[in-house]
Ligand code: PEP
């Protein structure tokens, strides 16, 4: 049975003290929840990861990274390798976030390399993709999503998929306050499962967790998460406040 996941993407927010405090609040609130089939993940910015790892140690809150470089090591000033993440005990990395694509020029080809580097280091990947508004308006959203997934992930062997989580994040809904309707999310998630099944098999498609991201908040989460093919959310803004984040975890 595939896992439900609530993952908080803290982006470039919170200094070290604030990160520790937020992690602390989340850890102590999540401690008493029965999270049988639900994973809780937080992703602080790189400089604060070590401190947050200490706070989360031994708890049921996982810490992940927001990005990584595709090279093993070397002259890439300012970058972080997969091995650096695993050396901190991290098990998961987000790749392909629309902000990485838009502001840092991450193409499908670069993302395919990052995917390979992460998997070579036994990192699980939360792989983000989604259409911009013009694609949705011109009814091109299914094609865009299919090509993003195909170009970065469909070269993988079938057994690599146990380390893949998919995150559908329509760009027009990220940080805008505008959410895809639960029906729009369900429609896209079902489509995603269909193309994964066609490329691999029904078992892979059934077992991969597919998260929705884009202005999820405590007011709309329950309805979105209740959809058959929605296995939780990748959360930006609402993940920066412990009460909101805990409310989201309780929304299944
Ligand atoms: C995100 O950045 O992944 C995201 C979904 O942000 P928000 O929840 O703020 O829209």
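Considering the conditions (1) closer than 29 Å to residue 170 by Cα; (2) away from the ligand (no atom under 16 Å from the Cβ); (3) touching a strand residue (DSSP E or B) at 6+ places or on another chain (Cβ under 6 Å), residue 64 is excluded by exactly one of them, (2). Of the residues screened, residue 150 is not one that is within 28 Å of residue 84 (Cβ to Cβ) and touching a helix residue (DSSP H, G or I) at 6+ places or on another chain (Cβ under 8 Å).
For every residue, the table says whether it meets (1) under 30 Å from residue 21 (Cβ atoms); (2) surrounded by 20 or more Cβ atoms within 10 Å (Cβ to Cβ).
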| residue | (1), (2) |
| --- | --- |
| 143 | no, no |
| 146 | no, no |
| 174 | yes, yes |
| 177 | yes, no |
| 180 | no, yes |
| 183 | no, no |
| 237 | yes, no |
| 242 | yes, no |
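Say we look at segment 93-119 and pick out the residues that are within 14 Å of the ligand (Cβ to nearest atom) and either at pLDDT below 95 or assigned to a helix (DSSP H, G or I) (or both); which of these is surrounded by the fewest Cβ atoms within 10 Å (Cβ to Cβ)? Of everything passing the filter in segment 93-119, 103 is surrounded by the fewest Cβ atoms within 10 Å (Cβ to Cβ). The residues of segment 1-25 that are within 28 Å of residue 228 (Cα to Cα) and either away from the ligand (no atom under 16 Å from the Cβ) or in a loop (DSSP other than H, G, I, E, B) (or both), listed by number, are 1, 2, 3, 4, 10. When segment 224-245 is filtered for residues that are over 22 Å from residue 132 (Cβ atoms), in contact with a strand residue (DSSP E or B) (Cβ under 6 Å, 6 or more places away or on another chain) and within 13 Å of the ligand (Cβ to nearest atom), the ones remaining, listed by number, are 232, 239, 245.
In segment 61-82 there is no residue matching the filter, namely being assigned to a helix (DSSP H, G or I) and within 30 Å of residue 244 (Cα to Cα).
The values are calculated or read from the model by the stated rules, or taken from the named source; none is laboratory data. The structure presented is a predicted model; accordingly, all values stated were derived computationally and were not measured. Heads up, the Cβs are rebuilt from the backbone with ideal geometry, glycines too, and the neighbour counts pull from every protein chain shown.
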